[in-house]
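The values are calculated or read from the model by the stated rules, or taken from the named source; none is laboratory data. None of the values given here were measured: they were computed from a predicted structure. So basically every Cβ, Gly included, is an ideal-geometry build from the backbone, and we count neighbours across all protein chains shown.
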Amino acid sequence: MNNSPMISLRATTLLLVLAVPLVAALASPRSTSNASPRSTSNAAPRDTALAASRDAGEVRKITSNGGRYVLEVREPEGGFQRGKPLAFDVRVMHAGDPDRALTDVELLVDADMPEHLHGTNRAPRIERAADGSFHVENVYLHMAGWWEVFLDVVEGPWTERAQMRVIIE
């Protein structure tokens, strides 16, 4: 009696049982910060979301997820819009001294659509200004919907994330 079809079926089943969680783990969004994982909730954006119709140049204060930093984000000219490269300015301060911009930190910027599980098609360019603030360019939100803009503050070996929710119509 030949057991090879039964062995083959068992091997295939075992392979699927082991492969499906691995593929799911690799496909799930991963955070670039050791401070807080990306939000993958399908819940509606909180009231902290910025509507795309806000006035240009409005400044928004955001506290990082760990509470160490306060970031001031000046919205892009014309507000956050779909389908065009956006530029905005960011100041980073310690939460304990929110009147003085930090000059010894780096800033990383990315954006993601939690409901769609994808990010942007372009890499942002980030330049430091003489006053310690950052000018961020080439942020491209290509679809309508709920976006999260990630602002990762890097100070020495530490990275802490601040998240800004934006609704694009």
Somewhere in region 128-147, is a residue over 26 Å from Gly78 (Cβ atoms) and within 14 Å of the chain's Cα centre (by Cα)? no
Positions within region 87-122 being closer than 22 Å to Glu155 by Cβ and loosely packed, with under 14 Cβ neighbours inside 10 Å, in sequence order: Ala95, Gly96, Asp97, Asp99, Arg100, Thr103, Asp104
Right, Gly83: outside any strand (DSSP E or B) and more than 19 Å from Val166 (Cα to Cα) or not? no
Region 130-153 residues that are farther than 22 Å from Val92 by Cα, paired with ones that are in a strand (DSSP E or B) and among the small types (Gly, Ala, Ser) (beta carbon under 8 Å, 6 or more apart): Leu141/Ala111
Residue pairs, Cβ under 8 Å, 6 or more apart or interchain, first in region 65-81 and without any contact (Cβ under 8 Å) to a residue 40 or more places away in the chain and at positive phi, second among the hydrophobic types (A, V, I, L, M, F, W, C) and assigned to a loop (DSSP other than H, G, I, E, B). List them. Gly67/Ala95; Gly78/Ala56; Gly79/Ala52; Gly79/Ala56
Name the one entry in Glu58, Glu106 that is within 16 Å of Val136 (Cα to Cα), over 18 Å from the mean Cα position of the chain (by Cα), at pLDDT 85 or above and not polar (S, T, N, Q). Glu58
Checked against (1) more than 18 Å from Lys61 (Cα to Cα); (2) surrounded by fewer than 14 Cβ atoms within 10 Å (Cβ to Cβ); (3) not basic (Lys, Arg), Glu77 satisfies every condition except (1)
Here is a list: Ser31, Ser64. Which entry is modelled with pLDDT under 50 and polar (S, T, N, Q)? Ser31
Can you name every residue in region 118-169 that is acidic (Asp, Glu) and closer than 26 Å to Pro98 by Cα? Glu127, Asp131, Glu137, Glu148, Asp152, Glu155, Glu160
When you scan region 54-101, how many residues do you find that are among the basic types (Lys, Arg) and closer than 20 Å to Ala129 by Cα? 5
Condition check for Ala111: within 19 Å of Gln81 (Cβ to Cβ), in contact with a Ser or Thr (Cβ under 6 Å, 6 or more places away or on another chain) and of a type in the set (A, V, I, L, M): yes
